[in-house]
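Contents: one structure, followed by commentary.
Nothing in this text is a laboratory measurement; each read-out follows from the coordinates by a stated rule. Predicted model only: the values in this text are computed from it and were never measured. Cβ: placed from backbone, ideal geometry, glycine included. Neighbour counts: every protein chain shown.
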Amino acid sequence: MLAELSVQIVKPQVWVGLALTAVFAYAIYRFGRLLIRALTPHIHRRLPPVLKWLWLVTVVVAWLAVATFVAYLPSVPILFDLGRDITRGFRNSAGQLVVVIAMALIAWNLISALAARIVAEQEFNRRSVRVQTLKGVVESTLRVTVVIIGVIAALQALGVNATSLLAGVSVLGLAVGFGAQSLIKDVFNGFFILLEDQYGVGDVITINTGQLSGGVERLNLRVTALRALDGTMHIVPNGQINTVSVSSKDWSRVVAAVDVTYNANIDDALRVLNDVSQELYASPDWRHFFLEEPEIQGVVALAADGITLRALYKVQPKSQWALGREFNRRVKIAMDEAGIEIPFPQRSITFGPAPIEVRLTRAARDQAPDPAAQATVNVHKDAAPDTNDTSGQNRQKPPVEPSLGRDPEEEEL
C-alpha cells in the first residue's frame, strides 16, 4: 500500500482529484446539514445531534473511499471498491443533481459570507456610499449568476440538452425583448448611475424636480428605493429617473437667514449674526462639521414684513440640517438678549378711545338678572405685551441634545 501511495502521490492529477472530491464532499456535507436543520422542528429534540454525527461520519468515510479510488490504491479493497461504486453513482443523473445543488448552496453561502465581511466606514463620505452601493449590487448579481448556472447544470444532469433549450429561450427572449424595453432602460440607467457615482446608498436625493424625496436605502441595476421622513418607502424604476438633486454630495451648505423688523438697529443685528456664526464655528461640538469659516453676506432683502440677514456655512454632507436647527435656536436667544425684535404676524383692533366694559350675566327664565352674578372686565387698547425673559436660557448649552437627523425636503411630507 505504501509503495502504491508513494507512486501515486507524486502525480498532479491525483492532487487535483483529491481537491475536487474534498470540495464535493464539503458541499454535500453542508447540504445534509441544511436538510437536518429543516427537519429539526418536526423530530424529537435528541435526534438532530445524532443525525449530525452520523452524517459527518458518513461523509468522511465516503470521501476516504473516493480518495482511495482516485489515488488508485487497490491494495485497500474495501475502501477502493466502495469509492468505485460511489464514483459510478455520482456519474448518474441523481448523483450529479445532488452535487450541483450542493455546490450552488456552497456558492450562495460563500457570497453571503464575503458580503458580510465588507463593512463600510461609519463616517458618511463618498467612499462609504460607494462601498455600500456596490456591495448590494455585486451580491445580488452574483446570486443571480449562481442561480442561472445552477439551473443550467441541473438540467444537464437530468439529461435535458441545455444548449438547444438556451437557443429556444433566446428566440423567445428576442420576442419578449420588444415588450421589455422599459426593463432594459432601467438596467442601463442603473448601470450609468453606478458607473458615474451619481448617488448611492445613504444619500438624500430628490427625483424629477421634487416629485419624490428621501434617503436612498437600496440601489441596484433596476430600481432605487427611497425612504421618506415619515417612513414611506418609494420604489422608483431607474428608467423613470430623469433628474436627480443630491443633498449630500461631497459637501453641503447651511443658509443661515434671520429676519428683523424695520425698527431694529441693522448694525447691531449684523453683529449678533456674526457673533452667533463665530460661536458655532468655535464650538467643539460643531467645529468638525465646518469645512470653511462662516461667510456673512449681510442684508440680502428688504421684504414687506422685515429685513433679511444671511450667512452661509460650508459644512460636511448631511450635517446642514442639524447645524441649521442649532443656528435657529442660538440666534433667537441672541436677538432676545440684544433687544432686537424678530418680526411675526400682528393684527391691530381699535374699539375707540374709552375702555371696553364686558358684562357676564347668568340668564334665567322668568327671573331678573342677578346683580351678584355680574362681572366687569376692562380691556384697554394700550396694554403692553410681555417682554421676552432670556435670563434662564443658555445659548451655548441646549436643554436637550440636538438631533443630527435630516429635515424633510420640499414636498416630501
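A few notes on this one:
- Over the stretch 183-246: Kirkwood hydrodynamic radius from C-alpha pairwise inverse distances, Å: 11.4
- Estimated vicinal HN-Hα couplings, Hz - the stretch 71-79 in sequence order (Karplus 6.51, -1.76, 1.60; Gly, Pro = x): 6, 6, 10, x, 6, 10, x, 5, 5
- Cβ-based net charge around residue 306, under 12 Å, with every Lys or Arg adding one and every Asp or Glu removing one: -3
- On full extension, the segment bounded by residue 235 and residue 397 gains 54.2 nm, given 0.36 nm per residue less the C-alpha separation.
- Along the stretch 296-312 the Karplus relation, 6.51 cos²θ - 1.76 cosθ + 1.60 evaluated at θ = phi - 60°, assigns HN-Hα couplings of 8, 7, x, 7, 10, 7, 10, 8, 5, 9, x, 10, 9, 10, 9, 10, 10 Hz to successive residues, with x for each Gly and Pro.
- The calculated FRET efficiency for the pair residue 140 and residue 263, based on their C-beta separation and a Förster distance of 51 Å, comes to about 0.25.
- Pairs exceeding a 30 Å alpha-carbon distance, out of 185/314; 135/318; 11/52; 318/397; 185/249: 185/314; 11/52.
- Sites listed here are GluC sites (Glu not before Pro) in the stretch 215-322 whose DSSP assignment is loop and whose Cβ has at most 12 other Cβ atoms within 10 Å: 292.
- The stretch 252-337 - charge dipole about Cα centre, Lys and Arg +1 at Cβ, Asp and Glu -1, debye rounded to 20: 400
- Selected from 183, 242, 212, residue furthest toward positive end of dipole (the stretch 183-246; charges at beta carbon): 183
- Rg ratio for the stretch 2-91: its Cα radius of gyration over 2.2 N^0.38 Å, N being its residue count, equals 1.30.
- Protection proxy ranking, highest mean first, for peptides 101-113, 32-44: 101-113, 32-44, where packing is the per-residue count of other beta-carbon atoms within 10 Å, averaged.
- Peptide ranges 231-238, 252-259 listed from the most packed, as the mean C-beta count within 10 angstrom indicates: 252-259, 231-238
- Amide H within-cut-off set for residue 223, under 5 Å, with H built and near neighbours excluded: 238
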